[in-house]
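Following: one structure in structure tokens, then a few remarks.
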């Protein structure tokens with residue numbers, strides 16, 4: 001089973017490394033962009049899956065099934081909101097941290113928050129148990145921490161390189177990229193405090209190891225992660 005979770009701040013490079021590592025391992029790749037595109041196909045493509053049960057599912061078909069179950073669970077638990085990008089699990093998996101609406105506040109708000117994160121954790125763990133997947137972000141390194149076959153890798157970069165990455169990826173000016181990074185960092189910190197009671201979601205003990213994309217070549221980062229997975233499987237990493 002090949003399961004890897006890459007965690008780090010916006011623009012650190014995890015979203016660049018993730019698809020390359022997944023391709024190298026022949027694994028599926030999950031980040032919010034991919035899940036968003038999959039979610040948009042629901043309602044037309046999911047129905048087609050039922051008529052193709054005899055075929056081995058493609059990566060996209062597998063993701064459609066995952067997202068369909070996520071949305072169904074969200075509706076059952078009361079955390080669904082809008083069926084694609086509303087509050088709840090679907091939003092957590094498909095939106096940037098600063099765009100995720102907060103759970104509604106009422107007399108049962110503590111219980112609601114517990115249901116919210118329990119549903120998120122259950123869905124992510126279900127996907128991980130299926131094997132052969134690379135996660136980027138979404139707190140995977142915390143949610144899957146107790147699964148011994150999951151490699152947890154931190155991905156960091158110098159602040160100026162994070163700015164350059166976000167500028168290029170999202171076609172932003174430098175000032176807009178700085179504002180975007182600041183907003184995402186703050187929103188991410190809020191979510192880890194609220195749902196995982198973590199003040200420092202990037203502390204070293206949460207990962208098997210960390211790669212620095214500012215100090216290492218892309219190929220070397222990929223090699224370290226692939227080799228790290230092999231080390232985890234043979235017991236050199238625990």
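Computed from the coordinates by the stated procedures, all read-outs in this text should not be read as laboratory data. All values reported here derive from a predicted model rather than from experimental measurement. Cβ placement follows ideal geometry from the backbone for every residue including glycine, while neighbour counts extend to all protein chains displayed.
A few comments on the model shown:
- By average C-beta atoms within 10 angstrom, highest first, the peptides 141-154, 207-220: 141-154, 207-220
- Cα gyration tensor shape of the stretch 155-238, rounded if a/c is under 1.5, else prolate or oblate by comparing a/b with b/c: oblate
- Förster-model FRET efficiency, 25 Å R0, residue 174 and residue 214, C-beta, rounded to 0.05: 0.90
- In this label model, residue 237 and residue 126 are separated by 2.7 nm, measuring between points 7 Å along each Cα→Cβ vector.
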